[in-house]
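Let me begin by presenting the structure, written as structure tokens, before commenting on it.
The values are calculated or read from the model by the stated rules, or taken from the named source; none is laboratory data. No experiment lies behind these values; they were computed from the predicted model shown. Note that each Cβ is placed from the backbone with ideal geometry, even for glycine, and that neighbours are counted across all protein chains shown. Calculation scope for accessible area: heavy atoms of the full protein, side chains included, ligands and nucleic acids excluded. Shrake-Rupley method; radii C 1.70, N 1.55, O 1.52, S 1.80 Å.
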Amino acid sequence: MKLQQLRYIVEVLNNNLNVSATAESLFTSQPGISKQVRMLEDELGIQIFGRSGKHLTHVTPAGQEVIEIAQHILSKVDAIKSVAAEHTKPDQGKLNIATTHTQARYALPPVIQRFINKYPQVSLHMHQGSPQQISEAAAKGKADFAIATEALHLYHDLIMLPCYHWNRSILVPKGHPLTERSKVTIEDIASFPLVTYVYGFTGRSQLDKAFSRAGLDPQIVFTATDADVIKTYVRMGLGIGVVATMAYEPDKDDDLVALPGAHLFEHSTTKIGFRKGTFLRSYMYDFIEGFAPHLTRDIVDKAMTMRSHDELEAMFADIELPTY
């Protein structure tokens, strides 16, 4: 049994049983992967993958158990390499972050600027996507950190640490009737066409809950994953916008008015997460603390000892998070 064989079966699963795509991602040949998988199956005396002709069709029950152990072994191999690098090249390495557009565009720039200034020899890569894509990238080891707000149930295999709360604002063009209201109501918003985030992105669930509680059916005429796109269509007069307050920039959005929405919608909580068993490099601890100052190295280390998500939630119950 070779580590290479274990890596092959894990990557075959990561590539939806497509051997050609696996070979391309690993810069090797399709026949080579197929041969090594067969050799491992012969050595173990089981089928890891079911087949129909030359095509892999499913993972067998035994194969699922083998792959889970292989994933654990490979993560430990990566941890060993990280330990060595921490001692030989403490200020060198790479950091992959998976997050949404809103976090990448509005929350992370100052954090990343400080990080790059402090660690110029660390190669930093950002991957933007949906909650599903973010969770998969972290679970498969393609991202060191997942930063997300929505669909946190997708991250059950990660250690998710709360960073901050954030609220929403209602964006309207100058002169809009809502600017004359002393306090906007949920009924006011429901009476206008609405431009907001795609379901599953950037705290959209709290928006839907607010309308549901009020027994209202909002007129959502346009959705996008990008707050800048939402603002563009508000400017066009397509509807009023509901976005994360952090996405409103007074100096750049001076043609729009941001009306407070904290009294209408529950706040959302952004979290940063990583795989269980990950060896965190010193610069990774620094990145976490730079993004959420209350997440010191001691706090993160303690969080990694928690045995369940309930214990983790209880650990942060008395910590007051900043709200934006």
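Figure legend. Inter-residue proximity from the stretch 66-93: first residues in contact (Cβ under 8 Å) with a residue 24 or more places away in the chain, second residues open to solvent by 60 Å² or more (accessible area, probe 1.4 Å) and not in a helix (DSSP H, G or I), beta-carbon distance below 7 Å, spacing 6+ or different chains. Indicated pairs: S75/R275; A79/F279; S82/F279; V83/F279; D91/Q121; Q92/Q121. Taking the criterion of being farther than 22 Å from Y164 by Cβ, part of a loop (DSSP other than H, G, I, E, B) and either open to solvent by 40 Å² or more (accessible area, probe 1.4 Å) or not small (G, A, S) (or both), the residues of the stretch 232-250 that qualify are M236, G237, L238.
Of all residues in the stretch 265-280, those that are over 20 Å from the mean Cα position of the chain (by Cα) and open to solvent by less than 50 Å² (accessible area, probe 1.4 Å) total 1. Quick one: is I73 open to solvent by 70 Å² or more (accessible area, probe 1.4 Å), more than 30 Å from V242 (Cα to Cα) and not in a strand (DSSP E or B)? Answer is no for this residue.
This table checks each residue for (1) in contact with a Lys or Arg (Cβ under 9 Å, 6 or more places away or on another chain); (2) among the hydroxyl-bearing types (S, T, Y); (3) under 30 Å from E68 (Cα atoms).
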position	(1), (2), (3)
R213	no, no, no
D217	no, no, no
G239	no, no, no
F265	yes, no, no
T296	no, yes, no
I299	no, no, yes
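In summary, G175 fulfils each of the numbered conditions (1) over 25 Å from A314 (Cβ atoms); (2) in contact (Cβ under 8 Å) with a residue 24 or more places away in the chain; (3) open to solvent by 50 Å² or more (accessible area, probe 1.4 Å) with the single exception of condition (2).
If you go through the stretch 251-264 and keep only what is in a loop (DSSP other than H, G, I, E, B) and open to solvent by less than 30 Å² (accessible area, probe 1.4 Å), you end up with D253, G261, L264. Comparison of P293, P322 shows that the only residue that is at pLDDT 95 or above and in contact with a Pro (Cβ under 9 Å, 6 or more places away or on another chain) is P293.
Among the residues of the stretch 120-163, the ones that are in contact (Cβ under 8 Å) with a residue 60 or more places away in the chain, within 30 Å of R235 (Cβ to Cβ), in contact with a strand residue (DSSP E or B) (Cβ under 6 Å, 6 or more places away or on another chain) and outside any helix (DSSP H, G or I) come to 2 in all. Only residues that are touching a strand residue (DSSP E or B) at 6+ places or on another chain (Cβ under 6 Å) and at negative phi were counted across the stretch 86-119, and they come to 10. Among the residues making up the stretch 204-231, those that are of a type in the set (A, V, I, L, M, F, W, C), touching an Asp or Glu at 6+ places or on another chain (Cβ under 8 Å) and not in a loop (DSSP other than H, G, I, E, B) are A210, F211. Look at (1) under 30 Å from A224 (Cβ atoms); (2) open to solvent by 60 Å² or more (accessible area, probe 1.4 Å); (3) assigned to a helix (DSSP H, G or I); (4) not small (G, A, S) and you find that P31 fails only one, number (1).
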